[in-house]
1. Within 10 Å, count the other beta carbons around each residue, average over each peptide in 48-54, 2-8, and list them highest first.
2. Given 0.36 nm per residue, what is the gain on full extension from Leu23 to Ile5 after removing their alpha carbon distance, in nm?
3. Determine the sum of side-chain charges near Glu9: Lys and Arg each +1, Asp and Glu each -1, restricted to other residues whose C-beta is under 13 angstrom from that of Glu9.
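Values in this text are rule-based calculations from the coordinates and carry no lab data. In this text the structure is predicted, and so the values were computed from the model without any measurement. Note: ideal-geometry Cβ built from the backbone for every residue, glycine included; neighbour counts use all protein chains shown.
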Amino acid sequence: MKKYISRREFIQTGFGAGAALALMGKISLPPAPPSRGMKLGFVTYQWGRDWDLPT
């Protein structure tokens, strides 16, 4: 691996990366279906079931 790159290589790489990122916005996955909110699982409630917390 080279320790230093030329200014020309830096600019070419930057433009290439910018073009790739711009194209990624054009080619995307379909939107995800809307979620129904946060769900807490059965295990979540079991963790705290036996805790003795001062109140």
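1. 2-8, 48-54
2. So the extension gain works out to 3.9 nm.
3. Combined, the nearby Lys, Arg, Asp and Glu give +4.
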